[in-house]
Amino acid sequence: KQIFNPETGHRLGETQLLNHFPNHYELTRKDLMVKNIKRYRKDMEKENNPISAKDDEGVYLYLDIIPTTYILPGDYTLFVEEFRKNTNIMWIMKPCGRAQGKGIFLVNKLNQLKKWATCSKLPFQTLSLKESYVISKYVENPLLIGGKKFDLRLYVLVTSYRPLKVWMYNVGFARF
């Protein structure tokens, strides 16, 4: 962090490379990615940017890239409010700091979440910040290939953020 502090005057040389950009986890951690997407939406709305347009039901026309999502434990009361509006919806809960499907489970009843969190009166009081989760509306009808779910892997190399320079490899793959 010290090397990027503007007060030190330290800069990388022309031939020096970084393995990671500072704060890269802002896009790679589930909770921080959600926070940044929500922030971007608000910024676009404040600027009256056409990309932030919504339909008659309040759904984004162009920025509807993630389902309704909350970060727990912080957004617990907001989640409960939304859950009670639509009690027949399935939710998917994912730990923010894990990968490869570890720790993911589905929730369709509020008591499932309460049992998971703690037996105490205050929900999530025993969870540390490292144990944060995102909970999203489960996508009931996802895009399928041959009747199977998949995720698309594209490879990009970001060489600069200011100005933004992204190199995309012309071959990717779908994992089923």
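The values are calculated or read from the model by the stated rules, or taken from the named source; none is laboratory data. Note that the coordinates shown come from a computational prediction; the quantities given were computed from them, not determined experimentally. Quick reminder, even Gly has a Cβ in these numbers, built from the backbone with ideal geometry, and neighbours come from all protein chains shown. Side chains are part of the model used for accessible areas, which takes the heavy atoms of the whole protein and leaves out ligands, DNA and RNA. Shrake-Rupley method; radii C 1.70, N 1.55, O 1.52, S 1.80 Å.
Tallying residues that are touching a Ser or Thr at 6+ places or on another chain (Cβ under 9 Å), at pLDDT below 85 and in a loop (DSSP other than H, G, I, E, B) within region 107-121 yields 2. When region 28-51 is filtered for residues that are open to solvent by 70 Å² or more (accessible area, probe 1.4 Å), over 15 Å from Ile65 (Cβ atoms) and assigned to a helix (DSSP H, G or I), the ones remaining, listed by number, are Thr28, Lys46, Pro50. Restricting the search to region 128-174, which residues are within 20 Å of the chain's Cα centre (by Cα), among the charged types (D, E, K, R) and either surrounded by 10 or more Cβ atoms within 10 Å (Cβ to Cβ) or assigned to a strand (DSSP E or B) (or both)? Hits for region 128-174 are Glu131, Lys137, Lys149, Asp151, Arg153. Residue-level check: of (1) closer than 22 Å to Pro142 by Cα; (2) open to solvent by less than 70 Å² (accessible area, probe 1.4 Å); (3) not polar (S, T, N, Q), Glu57 misses just (2).
Within region 122-176, being among the aromatic types (Phe, Trp, Tyr) and either farther than 24 Å from Asp64 by Cβ or at pLDDT below 80 (or both) holds for Phe124, Tyr155, Tyr161, Trp167, Tyr169, Phe173, Phe176.
Considering only residues of region 69-106 that are basic (Lys, Arg), within 18 Å of Lys30 (Cα to Cα) and not in a strand (DSSP E or B), which is farthest from the chain's Cα centre (by Cα)? Spell out how you get there, then give the answer.
Kept after step one, since they are basic (Lys, Arg), are these residues of region 69-106: 84-85, 94, 98, 102.
Applying the additional criterion that residues be within 18 Å of Lys30 (Cα to Cα) yields 94, 98, 102.
Retained after the next criterion (residues that are not in a strand (DSSP E or B)): 98, 102.
Working: Arg98: 13, Lys102: 16 Å.
Result: Lys102.
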